[in-house]
Amino acid sequence: LYTDKKQKLQCRSQKGNISLSQLSLNENSYVLGVSRGKLNTQYSLDITVNGKINTLLESEPNDTYIEASAMNEKRIIKGVLTGKESDFFKFEVDEKPQMWSIQAIGEKITNLSLYNAAGKNVQEQRFPNGQKRVRLSNLQLMPGTHIIRVNGKDSKYLLRAFPTCLLYTSPSPR
């Protein structure tokens, strides 16, 4: 799936049925490419409008830092990694600096990362083999946009980001 300016939004490559699901697309023109089939292979294409977006579910495209999906106000997302991929999400810290934790739970997640608005990797945690849960804790986040990356392969996951406390800032001298 491409934008009308030929920027790739989603790509799936496999035998059998292929689905580009949970797409959240703005009103615009898009290009869909189908390739690498045997000569004279028949295929069908179904496009379904599913109505209002469920904000608890991951929305595609969100496979790059630039395409990070906004998290809902509860900052809880249920997602799916299809093949080996990364999903990116963004959330805002309002008004005052706070301590935060970010947690991911899933079968085949390999990394959980936090980036700042400038794209710098602030903290990353690898999932040890067999572990299904990992947390980035004691994150001192300033007001602004923060980006989370969940990386893995063929896995459903649950992602949460939550403040744990306000940070004390001393009053400025008068």
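The values are calculated or read from the model by the stated rules, or taken from the named source; none is laboratory data. Because the structure is predicted, anything quoted here is derived from the model rather than measured. Don't worry about glycine lacking a Cβ; one is built from the backbone with ideal geometry, like all the others, and counts go over all protein chains shown. Only protein heavy atoms, including side chains, enter the accessible area calculation; ligands, DNA and RNA are left aside. Shrake-Rupley method; radii C 1.70, N 1.55, O 1.52, S 1.80 Å.
So here's what we get for this one:
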{"quantity": "Carbon plus sulfur fraction of accessible area for the chain, probe 1.4 Å, in percent", "calculated": "49"}
{"quantity": "Sequence of Lys52, Lys6 when ordered by accessible area, the most exposed leading, probe 1.4 angstrom", "calculated": "Lys52, Lys6"}
{"quantity": "Extension gain from Asp154 to Glu124, taking 0.36 nm per residue of separation minus the Cα-Cα distance", "calculated": "8.8 nm"}
{"quantity": "Coarse-grained scattering of segment 42-93 at q = 0.13, 0.19, 0.32 Å⁻¹, given as base-10 log I(q)/I(0) from a Debye sum over alpha-carbon atoms", "calculated": "-0.40, -0.74, -1.27"}
{"quantity": "Net charge of Cβ neighbours under 9 Å - reference Glu58; Lys, Arg +1; Asp, Glu -1", "calculated": "-1"}
{"quantity": "Solvent-accessible area per residue for the chain (1.4 angstrom probe, square angstrom)", "calculated": "71"}
{"quantity": "Surface accessible to a 1.4 Å probe, Val34 within the full protein complex, Å²", "calculated": "90"}
{"quantity": "Two-decimal log10 I(q)/I(0) for segment 85-152, as the Debye equation yields it once each C-alpha is a single scatterer, q = 0.25, 0.27 Å⁻¹", "calculated": "-1.10, -1.23"}
{"quantity": "Rounded to the nearest 10 Å², the accessible area of Ser44 at probe 1.4 Å", "calculated": "100"}
{"quantity": "Cα-Cα over 20 Å, subset of Lys38/Lys153; Lys78/Lys108; Lys132/Lys156; Lys5/Lys90", "calculated": "Lys38/Lys153; Lys5/Lys90"}
{"quantity": "Evaluated at q = 0.17 Å⁻¹: base-10 log I(q)/I(0), Debye formula over Cα of segment 14-108", "calculated": "-0.96"}
{"quantity": "For the chain, the fraction of alpha-carbon pairs in successive 10 Å shells from zero, as %", "calculated": "9, 33, 31, 17, 7, 2, 1, 0"}
{"quantity": "Dipole in debye (nearest 20) - the chain, about Cα centre, beta carbon charges: Lys, Arg +1; Asp, Glu -1", "calculated": "520"}
